[in-house]
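The values are calculated or read from the model by the stated rules, or taken from the named source; none is laboratory data. Every value quoted in this text rests on a predicted model; they were computed, and no experiment measured them. Cβ: placed from backbone, ideal geometry, glycine included. Neighbour counts: every protein chain shown.
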Amino acid sequence: MGRMTFVFRRLLLLVPTVLGVTIITFFMIHLIPGDPARTILGIHATPRAIAILHREWGLNRPLASQYWLFMDRLVHGNLGISLYYNVPVWGLITSHLPATLWLICYAAVLAVIISVPLAMIAASRKDAVRDHIVRAVPLLGLGMPAFWLALILQTEFGVRYRLFPVTGYGAGLLGHLHSMFLPAVTVAIALCPVVIRSLRASMLNVLGADYVTTARAKGVPGPRLFIRHVLRNAVIPAVTVLGINIGFLIGGTLIVEQVFALPGIGALMINSIFSRDFPVVQGIALTFGIMVVLVNLLTDVAYASLDPRVRFDR
């Protein structure tokens, strides 16, 4: 089986995944207390006005009928109209998607830049003081709530030292890199401990291989040995760990976007939940599901491409 066939078969898995996401999201969002018509019209809304909106939006139909209408629109590429913003849901999501993609990619790059040198430092001297420090200190990132860490970074580097903006998305490449540095660091800190531990363990296994011993016997310098022989072979398992955790972090960016006031789909989803905007919440959940599946697909392709022992037909 070739690479394209493998990718095509994995893309077919999007169909049951998307179907499952639509079912879970649709029925769970309707379990949230509150009436979107009453939320939009306010506390002084009359029963007649609420009934008119229910009929206009189809909320007076049974849930099964509403779900069938949603799926019929989805098959035709229509996610419906936002109840709160009164604009097409697809256009609303695409206008907020770039900020979220920027945050995820930026955080992934920062996580790699931080994790690779630290893992090399830890693996170069197993059980030494620096090894214990590298393994212990990043674990603090797992115990820090994202919103708390975001507020600390905002206070120190945004308010006190005025090095970075505390809110906003920026304009242009340099503007995005500067404005989104703090939220990207917040997300990356949660990702680094897992990547460091995985990469360190993989490096230690590679260091015991015969070809590494042979390279050392030939007098290959330490930095060159790690980069050309150890890192290239140890990075393969770390790619899988990184890809899986990026998939989890896609949903974890909601709070970070809200704290830093980023115009991403995470913040849009939180606002839509509070306003009971069913079509937007369903569309964003569907987008998140597709993004996670695509990240896992790219991880599998990267793993098979890096390791010649892995076949696409397995």
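So Met180 clears everything in (1) crowded, with 18+ Cβ neighbours inside 10 Å; (2) modelled with pLDDT under 90; (3) under 30 Å from Gly264 (Cα atoms) except one condition, right? Which one? The failed condition is (2). Number of residues in region 152-177 that are touching a residue at least 60 places away in the same chain (Cβ under 8 Å), surrounded by 15 or more Cβ atoms within 10 Å (Cβ to Cβ) and assigned to a helix (DSSP H, G or I) equals 2.
With Leu63, Leu31, Leu41 as the choices, which residue is over 21 Å from Asn78 (Cβ atoms), free of Cβ contacts under 8 Å to residues at least 60 places away in the same chain and exposed (fewer than 12 other Cβ atoms within 10 Å of the Cβ)? Within the list Leu63, Leu31, Leu41, the selection yields Leu31. Restricting region 183-218 to residues that are of a type in the set (Ser, Thr, Tyr) and either crowded, with 19+ Cβ neighbours inside 10 Å or modelled with pLDDT of 90 or more (or both), the residue that is farthest from His96 (Cα to Cα) is Ser202.
Output the residues belonging to region 74-130 that are more than 25 Å from the chain's Cα centre (by Cα) and part of a helix (DSSP H, G or I). Across region 74-130, the qualifying residues are Val75, Met120, Ile121, Ala122, Ala123, Ser124, Val129, Arg130.
Sub-8 Å Cβ pairs linking a first residue in region 234-255 that is surrounded by fewer than 18 Cβ atoms within 10 Å (Cβ to Cβ) and among the hydroxyl-bearing types (Ser, Thr, Tyr) to a second residue that is in a helix (DSSP H, G or I) and at pLDDT 80 or above, at least 6 apart or interchain, are Thr240/Thr299, ordered by first then second residue.
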